[in-house]
Amino acid sequence: MSRIFLTLSAALVLASSLHADWPGFRGDGSAVSPAKNLPAVWDKDNQLWKVKLPGFGASSPIVVGDRLFLTAYTGYGDKLTQGFKSGGFGVKGKPNEAEMQKALRLWVLCYDRVKGDLLWKKGIAPKLPEAAFASFLREHGYASSTPVSDGQRVYVFFGKTGLFAFDLKGKQLWHAEVGDGIHEWGSASSPALSKNTVIVNASIESKALMAFDKLTGKELWRKKGLAICWVSPVVVHLKNDKQEVVLNAPGKVFGYDPDTGTELWHCQGLGGGGISGATCSTPSVKGDTLFIMSAGPSTPATIFALRAGGKGDITKTHELWKQKVGAGICSPVAVGDFVYFVDSTAHCLDAATGKVVYKERLYDARGEYASPVAADGKLFALTRFDGLFVLTQGGKFEQLAHNTFDTDRSIFNSTPAISDGRIYLRSNEFLYCVGKK
């Protein structure tokens, strides 16, 4: 009887691990899922469902139990904007920016992850004026921050409109202000959770890293003087239940105490990928090691490995290696003995030494926003216009499949989510669920 009980317990533990949630941007920050039996080649039998979204967005889906959450926007900077260009809202046929922005609405969406049914949606009136729909904002819009959940609440960030908390049934619990700043490239950083704290990079809105009580929305601390960046903060779990909040800022990487906001350490970082010198790529976390990269006009393409922890300047003591390859916007993923990133070219590096294992061109350069995710011995790399590539993990390049979306010509900026043997992808117009029946 005891042997049967132990076997059953082991099976339940295994099943639980394979049904893990995908609670935030890139899951738990690692972009790695324990899910198994994920299809490489997709056909009509593998597409379990597809739903038309009520609005555009670049945020990634997250999965909590049997619910899937994501954000969207409507009314301005989407198809409706085209109507304004023909007149009616401006003087003498010219569109009036303030009048157009009054139509903007922000949305929090909740779906049944198994069936694809819309369970609820909540509209939020934006805090105006917003940045004009121009420049790089045309690339991603006004719903670019991925939600995060602790399993009981969902936290959603909409730039200057603020940080919101909802319960899983859609009741708004609180709203917190983060500042009034805007940028021509918009706001895109996703919030992170550390114990009882929600961490937000509000460098666009108030030039600060901010923390809020996840139950009440009360501001706990803010670290001022932050240079503009679009990087999401990540949480590193150290020994003895200690945690650090890490931010890849222009020129430096910082480690903070999540409870107090005290700077614990800093490391010489990288310049940004944009004209302003800002950073965009979010570090990948594996254990206590961070893999950080950037590339662009103001800095050579570079990726380096950094061990978290320590005090003061840890550049010389904790930097493990540095390599002259990298990308400006997408993020790397570390799984097994290797680190990968894909930005038209698939890169594989030895995680211990930084040695380039392979570089293989997949398609013409597009400047990808989405980042690869790893599960079931595979890498899933979603592109903006060129479909989804499936590669093998390991030190040898092998392309298993190149799946395309022939009937969906909209942009794909969202990093995939993986849970319970299913892959969830979102374009500007549709939400997809792919898996084996």
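The values are calculated or read from the model by the stated rules, or taken from the named source; none is laboratory data. Keep in mind the model is a prediction, meaning the values are calculated, not measured. Methodologically, a virtual Cβ is constructed for each residue, glycine included, from the backbone with ideal geometry; neighbour enumeration extends over all protein chains shown.
Residues in region 389-437 that are among the β-branched types (Val, Ile, Thr) and surrounded by 16 or more Cβ atoms within 10 Å (Cβ to Cβ): Val390, Ile411, Thr415, Ile418, Ile423, Val434.
Across region 105-159, the number of residues qualifying as surrounded by fewer than 22 Cβ atoms within 10 Å (Cβ to Cβ) and not in a strand (DSSP E or B) comes to 21. If you go through region 344-383 and pick out every residue that is touching a Cys at 6+ places or on another chain (Cβ under 8 Å), surrounded by 24 or more Cβ atoms within 10 Å (Cβ to Cβ) and part of a strand (DSSP E or B), you end up with 0.
Scan region 405-427 for residues that are modelled with pLDDT of 95 or more and basic (Lys, Arg) and the total you get is 2.
Sort out for me the strands (runs of 3 or more DSSP E) sitting completely within region 213-319 that have 1 or more residues that are modelled with pLDDT of 95 or more and touching a helix residue (DSSP H, G or I) at 6+ places or on another chain (Cβ under 6 Å). Lay out the reasoning, then the answer.
Details: elements: 219-224, 234-237, 243-249, 252-256, 263-268, 284-286, 289-296, 299-307.
By residue number, 263-268, 299-307.
Yes/no per residue for (1) within 21 Å of Lys311 (Cα to Cα); (2) under 20 Å from the mean Cα position of the chain (by Cα); (3) acidic (Asp, Glu):
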{"residue": "Thr197", "(1), (2), (3)": "no, yes, no"}
{"residue": "Glu205", "(1), (2), (3)": "no, yes, yes"}
{"residue": "Arg222", "(1), (2), (3)": "yes, no, no"}
{"residue": "Val234", "(1), (2), (3)": "yes, yes, no"}
{"residue": "Asn240", "(1), (2), (3)": "yes, no, no"}
{"residue": "Glu244", "(1), (2), (3)": "yes, yes, yes"}
{"residue": "Asn248", "(1), (2), (3)": "yes, yes, no"}
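In region 227-240, the residues that are free of Cβ contacts under 8 Å to residues at least 60 places away in the same chain reach residues that are β-branched (Val, Ile, Thr) with C-beta atoms within less than 7 angstrom, at least six apart or across chains, in these pairs: Ile228/Ile204; Cys229/Thr279; Val231/Thr279; Val231/Thr282; Pro233/Ile199; Pro233/Val245; Pro233/Val246.
Can you tell me which residue is nearest to the chain's Cα centre (by Cα) among those in region 374-404 that are among the charged types (D, E, K, R) and modelled with pLDDT under 95?
Looking only at region 374-404, we keep the residues that are among the charged types (D, E, K, R), and these are 376, 378, 384, 386, 396, 398.
Next, only the ones that are modelled with pLDDT under 95 stay: 384, 386.
Details: Arg384: 15, Asp386: 20 Å.
Looking at residues that are among the charged types (D, E, K, R) and modelled with pLDDT under 95, I get Arg384.
A count restricted to region 409-437 and to residues that are closer than 17 Å to Gly377 by Cβ, in a strand (DSSP E or B) and either without any contact (Cβ under 8 Å) to a residue 12 or more places away in the chain or basic (Lys, Arg) (or both) stands at 1. Here Leu209 fits the description: more than 17 Å from Lys311 (Cα to Cα), touching a residue at least 40 places away in the same chain (Cβ under 8 Å) and part of a strand (DSSP E or B). The residue that is farthest from Val253 (Cα to Cα), counting only those in region 313-343 that are surrounded by 15 or more Cβ atoms within 10 Å (Cβ to Cβ) and hydroxyl-bearing (Ser, Thr, Tyr), is Tyr340. Only residues that are of a type in the set (Ser, Thr, Tyr) and more than 21 Å from the chain's Cα centre (by Cα) were counted in region 105-134, giving 0.
Conditions tested, residue by residue: (1) under 25 Å from Arg138 (Cβ atoms); (2) without any contact (Cβ under 8 Å) to a residue 40 or more places away in the chain.
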site: Gly310; (1), (2): no, no
site: Lys324; (1), (2): no, yes
site: Val342; (1), (2): yes, no
site: Lys355; (1), (2): no, yes
site: Glu398; (1), (2): no, yes
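Checking the stated criteria, Leu48 turns out not to satisfy the condition of being aliphatic (A, V, I, L, M) and either modelled with pLDDT under 95 or more than 29 Å from Glu398 (Cβ to Cβ) (or both). Taking only region 188-206 into account, find how many residues are over 17 Å from Pro258 (Cβ atoms) and either modelled with pLDDT of 95 or more or assigned to a helix (DSSP H, G or I) (or both). So the answer is 4. A single entry from Phe389, Phe397, Phe405 fulfils the requirement of being not polar (S, T, N, Q) and not in a loop (DSSP other than H, G, I, E, B): Phe389.
Annotation: Thr71 fulfils all but one of (1) of a type in the set (S, T, N, Q); (2) part of a loop (DSSP other than H, G, I, E, B); (3) modelled with pLDDT of 85 or more; the unmet one is (2).
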